[in-house]
1. Once the other residues with Cβ under 11 Å from the Cβ of Thr98 are scored (Lys, Arg +1; Asp, Glu -1), what is the net sum?
2. Using θ = phi - 60° and the Karplus relation 6.51 cos²θ - 1.76 cosθ + 1.60, list the HN-Hα couplings for segment 65-73 in order, rounded to whole Hz, with x at every Gly or Pro.
3. Hey, rough spin-label estimate for Asn83 and Gln48, points 7 angstrom out along Cα→Cβ, what's it come to in nanometres?
4. What longest range of the chain stays clear of loop-exposed trypsin sites (Lys or Arg not before Pro) (DSSP non-H/G/I/E/B, at most 16 other C-beta within 10 angstrom)?
5. How large is the helix-only mean residue ellipticity at 222 nm for the chain, computed as the sum of -39500 (n - 2.57) over DSSP H runs with n ≥ 4, divided by its residue count, in deg cm²/dmol to the nearest 500?
6. Which whole-Hz ³J(HN,Hα) couplings does segment 9-15 yield from phi under the Karplus relation 6.51 cos²θ - 1.76 cosθ + 1.60, θ = phi - 60°, glycine and proline marked x?
7. Would you mind telling me the antiparallel percentage of the DSSP bridges in the chain, rounded to 5?
8. Quick one: dipole size for the chain, taken about the Cα centre, charges +1 on Lys/Arg Cβ and -1 on Asp/Glu Cβ, in debye to the nearest 20.
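No lab work stands behind these numbers, since they all come straight from the coordinates. Because the structure is a prediction, the values reported are computed rather than measured. Here the Cβ positions follow ideal geometry from the backbone for every residue, glycine too, while neighbour counts run over all protein chains shown.
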Amino acid sequence: MAQFFEVHPDNPQPRLLRQAAALLQQGGVLAVPTDSSYALVCQLDDKQAVERLRRVRQVDDKHLLTLLCSDLSQLANYARVDNRQYRLLKLGTPGPYTFILEASKEVPRRVSHPQRKTIGLRVPARKGLQMLLELHGAPLLATTLIPPGESAPLNDAQDIRARYEHAIDAVVEAGPCPAEPTTVIDLVPMATGSEPVVLREGRGSLAALGL
């Protein structure tokens, strides 16, 4: 039976999020609200938790997972970032953007793109998720919570609890999420002097990044 943590969206309770972080450190899979929708998350370096997350979401190892980081300095530990890329990242973090970058050796091979060795990274602005990341002390692997056979992500915590209470360890409820996905930008071309490539225009403003 999944635990249910009701967290205030603007003033999240550290006590509740410490309990959620403890579940993650024990190999748990949690549903958490992000800047775009609810996502399933687990520890990066826990192979069994990653496999379980994929089973719950019903995706194989070809489905790319995203790394949620607490800040830009943490992100830079898991991706190769040059000065041009860093300046653009600084404009978009924290915020509703997913950036594709070359993965560093800190990222397990099983969760990076098998051909390109890239990884999607986000620094969320959502307060509860930010606090959870800080309490956990490391990035979390994430995938948007879209039920098998459906196209839209789940955004109601009670619905998620009803559907997944026997499949995951906890749901963090912190009010509704926006229905709009993140803006996805591939920064890999910048490493060779080319321009970034917008893969999906979503909630994150391109103008704010000068694109």
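1. +1
2. 9, 10, 9, 8, 10, 6, 7, 5, 5
3. Output for this residue pair reads 4.7 nm.
4. Longest site-free region, per DSSP loop and neighbour criteria: 118-202.
5. Roughly -8000 deg cm²/dmol at 222 nm, from the helical runs in the chain.
6. After applying 6.51 cos²θ - 1.76 cosθ + 1.60, I find x, 9, 10, x, 7, x, 4 Hz.
7. DSSP beta bridges in the chain are roughly 60 percent antiparallel.
8. Using Cβ point charges on Lys, Arg, Asp and Glu, the chain gives about 500 debye.
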